[in-house]
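Remarks on the structure that follows.
The values are calculated or read from the model by the stated rules, or taken from the named source; none is laboratory data. Quantities reported herein were computed from a predicted structural model and do not represent experimental measurements. Here the Cβ is made from the backbone with ideal geometry for all residues, glycine too, and neighbour counts use every protein chain on show. Each accessible area value is taken on the protein alone, full model and side chains, heavy atoms only, with ligands, DNA and RNA left out. Shrake-Rupley method; radii C 1.70, N 1.55, O 1.52, S 1.80 Å.
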Amino acid sequence: MEDIVDHLAFERNKTQFDVDEMKIAGSLHAFEVSDKMARLVASDPAFRKDDRVVLDRKALFMNTLRKTAYAWKRIIELRLSEEEAAMLRSFVDQPAFTDLHWGMFVPTIKGQGTEEQQQKWLPLAHKMQIIGCYAQTELGHGSNVQGLEKTATFDPKTDEFVIHSPTLTSSKWWPGGLGKVSTHAVRSLDDHLPLPGITVGDIGMKFGNGAYNSMDNGVLRFDCVWIPRNQMLMRVSQVTREGKYVQSSVPRQLVYGTMVNVRQTIVSDASIALSRAVCIATRYSAVRRQFGSKKGGLETQVIDYKTQQARLIPLLASAYAFRFVGEWLKWLYMDVMKRLQTSDFSTLPEAHACTAGLKSFTTSATADGIEECRKLCGGHGYLCSSGLPELFAVYIPSCTYEGDNTVLLLQVARHLIKTISQLGSRKKPVGTTSYIGRVEQLMQYHSDFQKAEDGLKPNAVLGAFEARAAKKVIGCAQNLSKFTNPEEGFQEFSVDLVEAAVAHCQLIVVSKGARSRNNFVMHSKITYNCTVDPGESYELLSI
């Protein structure tokens, strides 16, 4: 053990930058809250997780229930703020029903419930006297929400909706918390049994040891279940006592608020997951020695091989870049919500395209990055004790929840093609698509990079990424213009459209990273010595 500590200490002592400065990839306040909660969790044996991968499913689930109940107890005892409580739950680092309760159930009631409904349900939810999930996805339909098969038929005689699952594929499938724990929308508060006409259960084991098997992802079917009309969330739209559908004066676009919020959280989480993997791989690379010994001396540290650095350092840069763009998305979400409250919908298409595209790009890149870190650790990365197999198994669902990643990229592509089609009109491209307004100039762009140091000039890097994105989008638009039926063209060139969307998302990440920290590119390029001591930072580079 002494040998390992000495290796890492030697590397840390060679740093050429302020380590404390590198820890804060957001606000100082956020870092302080994160550090405080991390230390609280790390010092409490009730939150230990070293045995998680050897537990069977039932024991793992009971372990999750104990931890979440204990975490709730500590939150109350310490009178933690909402921000602190959320951070504490994240450091427990075990997928649980509380993720959906706080991340989807409560925000949806806030966003789509009337004031009366909020007054009724939010106090109960905040005290966890009711536990909710988000039962939208069905066995037959996920991304295609319009294709959902479950029916809700209003009966004006009883003032109730009849909820019914007419087919096997109309079964609700996947919602976390649905299988065992949630009380809403399906169980009795008296004995927690399913109400009449309801079939509910756990869908079974998922990928990996431990990992997401601590979550009770569920299945739900309705057999003509009657519920009161006032159980419908009616802030945006209502069904009257007479059965008439009415749009409220509240902008229906407000329903996008929950989606934008969830997706910006997913992007921030991508940074955290990738940071953990990079931290493990970097420390391993500094400690592991292989080949290169002379006259019986020490072998070469793996981190000193250029091939190792070339694979590892870009992942470190990506972890920081994803954190910066995550911070920007938080601002975008707050800005969009303020605008929606005043019926200003001008930035909504931009917000939808940004969150959809960045969710897709960052989760795919992070999943690939975690796997690359596993390979960077050689055979040892395959051991559960390395932390990488379970990290990978926990993280990869991100690529398919909240919309399949390829489907989301095609949505971004539609936004880009629409932006191109409006060139020449009074409606100029704004925000992340503003570069398309300079498309003629960018089509003539030629890189003036002469030496490696030119890569440290933010404007030079941005120019190259803008030109690349613009050329791909224009190429797609030109190909689509040859089709009389736009949808046929969209299907034919869907692969090219996905590539254009990825290029656009990469541009957003680069632009927000460079503007958030003008020297972030330099930081990520300096050296591999960005690893920190476990007692120094648990937020960005933590195991």
message = Between the stretch 305-382 and the stretch 455-476, what is the separation of their alpha carbon centroids in Å?
response = 18
message = What does the extension gain come out to for Glu488 and Ala59, with contour length at 0.36 nm per residue minus their alpha carbon separation?
response = 149.3 nm
ask   = With every protein chain present, what is the per residue accessible area of the chain (1.4 Å probe, Å²)?
value = 50
ask   = Got a sec to turn the phi values of the stretch 318-326 into Karplus ³J(HN,Hα) couplings, 6.51 cos²θ - 1.76 cosθ + 1.60 with θ = phi - 60°, whole Hz, x for Gly and Pro?
value = 5, 4, 5, 4, 5, 5, 5, 6, x
task = Towards the positive end of the charge dipole of the stretch 20-127, with charges on Cβ (+1 Lys, Arg; -1 Asp, Glu), say which of Leu65, Gln117, Pro95 has the farthest Cα.
result = Leu65
ask   = Is there a pair in Lys14/Lys375; Lys150/Lys471; Lys359/Lys428; Lys110/Lys471; Lys206/Lys472; Lys49/Lys512 whose C-alpha atoms are over 32 Å apart, and which pairs would that be?
value = Lys150/Lys471; Lys110/Lys471; Lys206/Lys472; Lys49/Lys512
query = Rounded, prolate or oblate: which fits the stretch 20-127 when a ≥ b ≥ c are the square roots of the eigenvalues of the alpha-carbon gyration tensor, with rounded for a/c under 1.5 and prolate only if a/b beats b/c?
reply = oblate
request  = Would you calculate, for the chain, the mean residue ellipticity at 222 nm contributed by helices, counting each DSSP H stretch of 4 or more residues as -39,500 (n - 2.57) and dividing by all residues, to the nearest 500?
outcome  = -16500 deg cm²/dmol
key: Total charge dipole magnitude, the stretch 226-323, about the Cα centre, Cβ charges on Lys, Arg, Asp, Glu only, Debye to nearest 20   = 100
key: Over the chain, relative contact order from alpha-carbon pairs under 8 Å, at least 6 apart, %   = 16
request  = Just grab the label-to-label distance for Tyr305 and Asn230, each label 7 Å out from Cα along the Cβ direction, in nm (one decimal).
outcome  = 6.9
ask   = Counting Lys +1, Arg +1, Asp -1, Glu -1, what net charge surrounds Glu487 among other residues with beta carbon under 15 Å of its beta carbon?
value = +1
ask   = To the nearest 20 debye, what is the magnitude of the charge dipole of the stretch 145-247 about its Cα centre, counting +1 on the Cβ of each Lys and Arg and -1 on the Cβ of each Asp and Glu?
value = 260
remark   = Taking the alpha-carbon centre of each part, the distance from the stretch 89-111 to the stretch 225-244 in Å is 26
key: Virtual spin-label span in nm between Leu193 and Tyr401, 7 Å along Cα→Cβ   = 3.0
request  = Might you report the magnitude of the Cβ-based charge dipole of the chain about its Cα centre, with Lys and Arg at +1 and Asp and Glu at -1, to the nearest 20 debye?
outcome  = 540
task = Heavy atoms only, probe 1.4 Å: what % of the accessible area of the chain goes to carbon and sulfur, would you let me know?
result = 56
ask   = With point charges of +1 on the Cβ of Lys and Arg and -1 on the Cβ of Asp and Glu, referenced to the Cα centre of the chain, which listed residue (Thr15, Leu148, Gly475) lies farthest in the positive direction of the dipole?
value = Gly475
message = Which residue, Met232, Gly218, Gln247, has the largest displacement toward the positive end of the dipole of the stretch 212-254 when charges sit on each Cβ (Lys, Arg +1; Asp, Glu -1)?
response = Gln247
inquiry  = Please state the shape class of the stretch 146-203: rounded when a/c is under 1.5, otherwise prolate if a/b exceeds b/c and oblate if not, all from the C-alpha gyration tensor.
reply    = oblate
note = The alpha-carbon center of the stretch 178-213 and that of the stretch 118-161 are separated, in whole Å, by 15
Residues with amide H under 5 Å from that of Glu138, placed H, sequence gap 5 or more = Trp173
Calculated from backbone phi, Karplus (6.51, -1.76, 1.60) coupling profile of the stretch 401-415 in Hz, x at Gly/Pro = 8, 6, x, 4, 4, 5, 4, 5, 5, 5, 5, 4, 4, 4, 5
key: P(r), alpha carbons of the chain - 10 Å bins starting at zero, rounded %   = 3, 15, 26, 26, 18, 9, 2, 0, 0, 0
key: Calculated FRET value between Ser143 and Arg66, using beta carbons and R₀ = 35 Å, to 0.05   = 0.50
query = Ignoring ligands, DNA and RNA, how do Met205, Met232, Met22 rank by accessible area with a 1.4 Å probe, largest first?
reply = Met205, Met232, Met22
note = What the 10 Å binned alpha carbon P(r) of the stretch 52-101 shows, as percent of pairs per bin from 0, is 24, 53, 19, 4
note = The ³J(HN,Hα) series, computed from each phi in the stretch 476-483 with the Karplus coefficients 6.51, -1.76 and 1.60 at θ = phi - 60°, rounded to the nearest Hz and given as x for glycine or proline, is 5, 4, 5, 5, 5, 5, 7, 9
query = At what distance in nm do the modelled label points of Asp50 and Ser425 sit from each other, each positioned 7 Å from its Cα along Cα→Cβ?
reply = 6.3
ask   = Once you mark the GluC sites (Glu not before Pro) that are in a DSSP loop and have at most 15 other Cβ atoms within 10 Å, what is the longest gap between them in the chain?
value = 1-241
query = Which shape class, rounded, prolate or oblate, goes with the stretch 145-247 when its Cα gyration tensor gives a ≥ b ≥ c as root eigenvalues, a/c under 1.5 marks rounded, and past that a/b bigger than b/c marks prolate?
reply = prolate
Chain lengthening between His380 and Arg12 when straightened (0.36 nm per residue, less Cα-Cα) = 130.2 nm
